[in-house]
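Here's the structure we're looking at; comments come further down.
The values are calculated or read from the model by the stated rules, or taken from the named source; none is laboratory data. Because the structure is predicted, anything quoted here is derived from the model rather than measured. Every residue, glycine among them, receives a Cβ derived from its backbone with ideal geometry; neighbour counts consider all protein chains shown.
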Amino acid sequence: MSASFQRPLRLGMVGGGQEAFIGAVHRIAARLDGEFELVAGAFSSTAERSAASGAALGLASERCYADWREMARLEADRPDGIEAVAIVTPNHLHAPVAQAFLQAGIDVICDKPLAISVREGRELAALAQAHQRLLAVTYNYSAYPAVRHARDLVRAGVLGELRLVQVEYAQDWLAEPLEQQGQKQASWRCDPALAGPAGALGDIGTHAYQLACFVSGLRAASVCAELSSFVPGRRLDDNAQLLLRFVGGARGALWASQVASGCENALRLRLYGSKGGLEFDQEQPNQLRLTRQGGSSEILTRGRLDSTAARAATRLPPGHPEGYLEAFAQLYREAAEHIRARQQGRAPAAESLGLPQVGDGLEGLLLVDAALRSHRAGGIWTRVEEIKE
């Protein structure tokens, strides 16, 4: 797909001020295909830092807000106000910020996780439906061309009946007590008041679960969980091991760790069915390994994946690597398509329907909730609630 030649949608941002990693990623992704133009923001919890961040980004001073509530109200009243907002704050603010902008009639693109509780997630789902506004959640790993192709292979029955789903997300950046040394990213992620009740499980475990569900088309019915905090004094889990029973009978396992020494960003998915197996490694995002039962393994490369879904998420010719930023940009492209479709009174293009939305975010919260309950009860099998309860 080529870059957009339509008017960029006006984008605001809450959080993501100077030195914030994920805010910069969202800004790059939003403008990579020309779909959005950043015009306003409440970039920090202090007026001075928000103004300084906005000035560094070249924004008009009157659109650099000290408070996101004021931003939602004033931008909704402007004839040239923002059409969507990106939320890149610590987790505890995701739900209240999204609520304010949805109520103001503004579409929302929220970093994961959707919220810090099932109650908040259900309330946001109801609010997005009531106001008929988009609430996208940036599970960016599901937007790689290889992942989109993998999903098509499963849907086409190439693997046969799915039996096993194995997913892991291993990092080592919290193997030492960085939160006790004042490291900002570690400090809020290890604080239950800011991150919510789950640590590694909420931060990267939700990514792993969404990827597994996205490709397989399954959701967990029950979970048996053990959560650990290996670093002394750490208040949230830094390692999570989950056994999963999926609706329909498939079995699986999810491992999420931020103390796996030697691992950088090792997100891996393996699916095994009655006719074959499929493997994806996020650190090699331009490849899929497909092995048909009784046959040899095939390495499928991104530039030659022959499916509509893969082509729609591809920007470069074969042999040119695409990765993390392009996958993030794909979600922004698809969000833009959903917003424009509503504005124009039409259905979104079929190629944009892979966009993770509020329901996907709520599914992650339901899994986290069930895993926490299982762990507290000594690791017993625990039912995962359904969205429509």
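State which residue is surrounded by the fewest Cβ atoms within 10 Å (Cβ to Cβ) when the search covers only region 1-46 and only residues that are charged (D, E, K, R) and either touching a Gly at 6+ places or on another chain (Cβ under 9 Å) or part of a helix (DSSP H, G or I) (or both). Spell out the reasoning first.
Of region 1-46, the ones charged (D, E, K, R) are 7, 10, 19, 27, 31, 33, 35, 37.
Those left that are additionally either touching a Gly at 6+ places or on another chain (Cβ under 9 Å) or part of a helix (DSSP H, G or I) (or both): 10, 27, 31.
Working: ARG10: 19, ARG27: 20, ARG31: 16.
Across region 1-46, the extreme among qualifying residues is ARG31.
Looking at SER261, SER257, which one is of a type in the set (Ser, Thr, Tyr), assigned by TED's automatic domain parsing to the domain that holds ASP203 and in contact with a Cys (Cβ under 9 Å, 6 or more places away or on another chain)?
Every option except SER257 fails the conditions.
Quickly run through region 154-171 and pick out the residues that are more than 22 Å from the chain's Cα centre (by Cα), farther than 15 Å from PHE246 by Cβ and of a type in the set (A, V, I, L, M).
Those that are more than 22 Å from the chain's Cα centre (by Cα), farther than 15 Å from PHE246 by Cβ and of a type in the set (A, V, I, L, M): ALA156, VAL158.
Scan LEU290, LEU305, LEU278, LEU300 and give me the residue that is touching a Leu at 6+ places or on another chain (Cβ under 9 Å) and within 26 Å of ALA240 (Cβ to Cβ). Give the steps one after another, and end with the answer.
On the way: LEU290 fails: within 26 Å of ALA240 (Cβ to Cβ); LEU305 fails: within 26 Å of ALA240 (Cβ to Cβ); LEU300 fails: within 26 Å of ALA240 (Cβ to Cβ).
Of the residues listed, the single one that is touching a Leu at 6+ places or on another chain (Cβ under 9 Å) and within 26 Å of ALA240 (Cβ to Cβ) is LEU278.
Run SER297 past the list (1) among the hydroxyl-bearing types (Ser, Thr, Tyr); (2) in contact with a helix residue (DSSP H, G or I) (Cβ under 7 Å, 6 or more places away or on another chain); (3) loosely packed, with under 13 Cβ neighbours inside 10 Å and report the number of the one that doesn't hold.
Condition (2) is where SER297 drops out.
Can you name the residue in region 351-366 that is among the aliphatic types (A, V, I, L, M) and in contact (Cβ under 8 Å) with a residue 24 or more places away in the chain and, of all such residues, is nearest to ASP107 (Cα to Cα)? Steps first, answer last, please.
Keep residues of region 351-366 that are among the aliphatic types (A, V, I, L, M), which gives 353, 355, 358, 362, 365-366.
Subsequent filtering for residues that are in contact (Cβ under 8 Å) with a residue 24 or more places away in the chain retains 355, 358, 362, 365-366.
Numbers: LEU355: 14, VAL358: 12, LEU362: 17, LEU365: 21, LEU366: 23 Å.
Result: VAL358.
Would you confirm, using the coordinates I've provided, whether LEU178 is more than 17 Å from TYR209 (Cα to Cα), assigned by TED's automatic domain parsing to the domain that holds ALA309 and either crowded, with 24+ Cβ neighbours inside 10 Å or among the hydroxyl-bearing types (Ser, Thr, Tyr) (or both)?
Numbers: more than 17 Å from TYR209 (Cα to Cα): yes; assigned by TED's automatic domain parsing to the domain that holds ALA309: yes; either crowded, with 24+ Cβ neighbours inside 10 Å or among the hydroxyl-bearing types (Ser, Thr, Tyr) (or both): no.
When the stated conditions are applied, LEU178 does not pass them.
With respect to the numbered conditions (1) surrounded by fewer than 23 Cβ atoms within 10 Å (Cβ to Cβ); (2) in contact (Cβ under 8 Å) with a residue 60 or more places away in the chain, which one is the sole condition not fulfilled by HIS320?
HIS320 satisfies every listed condition except (2).
Scan region 196-225 for residues that are in a strand (DSSP E or B) and surrounded by fewer than 24 Cβ atoms within 10 Å (Cβ to Cβ) and jot them down. Spell out how you get there, then give the answer.
Let us first name the residues in region 196-225 that are in a strand (DSSP E or B), namely 220-225.
Scanning region 196-225 gives ALA221, SER222, CYS224.
Here is a list of conditions, (1) in contact with a His (Cβ under 7 Å, 6 or more places away or on another chain); (2) β-branched (Val, Ile, Thr); (3) assigned to a loop (DSSP other than H, G, I, E, B), and ILE82 meets all of them except one; can you say which number that is?
Every listed condition holds for ILE82 apart from (1).
Just one of LEU278, LEU290, LEU300, LEU372 is in the same structural domain as ALA208 (by TED's automatic domain parsing), aliphatic (A, V, I, L, M) and touching a Gly at 6+ places or on another chain (Cβ under 8 Å); which is it? Write out each step before concluding.
Numbers: LEU278 fails: touching a Gly at 6+ places or on another chain (Cβ under 8 Å); LEU300 fails: touching a Gly at 6+ places or on another chain (Cβ under 8 Å); LEU372 fails: touching a Gly at 6+ places or on another chain (Cβ under 8 Å).
Within the list LEU278, LEU290, LEU300, LEU372, the selection yields LEU290.
Could you run through region 316-363 and say how many residues are on the phi < 0 side of the Ramachandran plot and more than 19 Å from the chain's Cα centre (by Cα)?
Of the residues in region 316-363, 15 are on the phi < 0 side of the Ramachandran plot and more than 19 Å from the chain's Cα centre (by Cα).
Against the condition surrounded by fewer than 22 Cβ atoms within 10 Å (Cβ to Cβ), polar (S, T, N, Q) and free of Cβ contacts under 8 Å to residues at least 60 places away in the same chain, how does SER228 come out, does it pass? So that I can check it myself, show each step before the final result.
Numbers: surrounded by fewer than 22 Cβ atoms within 10 Å (Cβ to Cβ): yes; polar (S, T, N, Q): yes; free of Cβ contacts under 8 Å to residues at least 60 places away in the same chain: yes.
For SER228, the condition - surrounded by fewer than 22 Cβ atoms within 10 Å (Cβ to Cβ), polar (S, T, N, Q) and free of Cβ contacts under 8 Å to residues at least 60 places away in the same chain - is met.
Which residues, taken from region 115-151, are of a type in the set (Asp, Glu) and either modelled with pLDDT under 95 or under 20 Å from GLY205 (Cβ atoms) (or both)?
GLU120
What is the residue count in region 21-39 for residues that are farther than 17 Å from ALA336 by Cα, small (Gly, Ala, Ser) and in contact with a strand residue (DSSP E or B) (Cβ under 7 Å, 6 or more places away or on another chain)?
The total comes to 1.
Scan ARG235, ARG289, ARG268 and give me the residue that is in contact (Cβ under 8 Å) with a residue 40 or more places away in the chain and part of a strand (DSSP E or B).
On the way: ARG235 fails: part of a strand (DSSP E or B); ARG289 fails: in contact (Cβ under 8 Å) with a residue 40 or more places away in the chain.
Sole residue among the options that is in contact (Cβ under 8 Å) with a residue 40 or more places away in the chain and part of a strand (DSSP E or B): ARG268.
Please determine, by comparing only the residues of region 101-116 that are among the aliphatic types (A, V, I, L, M) and crowded, with 22+ Cβ neighbours inside 10 Å, which one is farthest from GLY361 (Cα to Cα).
Taking region 101-116 as the starting set, the residues that turn out to be among the aliphatic types (A, V, I, L, M) are 102, 104, 106, 108-109, 114-116.
Adding the requirement that they be crowded, with 22+ Cβ neighbours inside 10 Å leaves 102, 106, 108-109, 114-116.
Working: LEU102: 16, ILE106: 19, VAL108: 13, ILE109: 12, LEU114: 5, ALA115: 8, ILE116: 11 Å.
Top of the filtered list is ILE106.
Please determine, by comparing only the residues of region 238-265 that are among the charged types (D, E, K, R) and in a loop (DSSP other than H, G, I, E, B), which one is surrounded by the most Cβ atoms within 10 Å (Cβ to Cβ).
Residues of region 238-265 that are among the charged types (D, E, K, R), as a first pass: 238, 245, 251, 264.
Checking the rest, the ones that are also in a loop (DSSP other than H, G, I, E, B) come to 238, 264.
Numbers: ASP238: 25, GLU264: 10.
Checking each candidate, the answer is ASP238.
Residue by residue through region 266-294, note down the ones that are surrounded by fewer than 18 Cβ atoms within 10 Å (Cβ to Cβ) and of a type in the set (Asp, Glu).
The answer is ASP281, GLU283.
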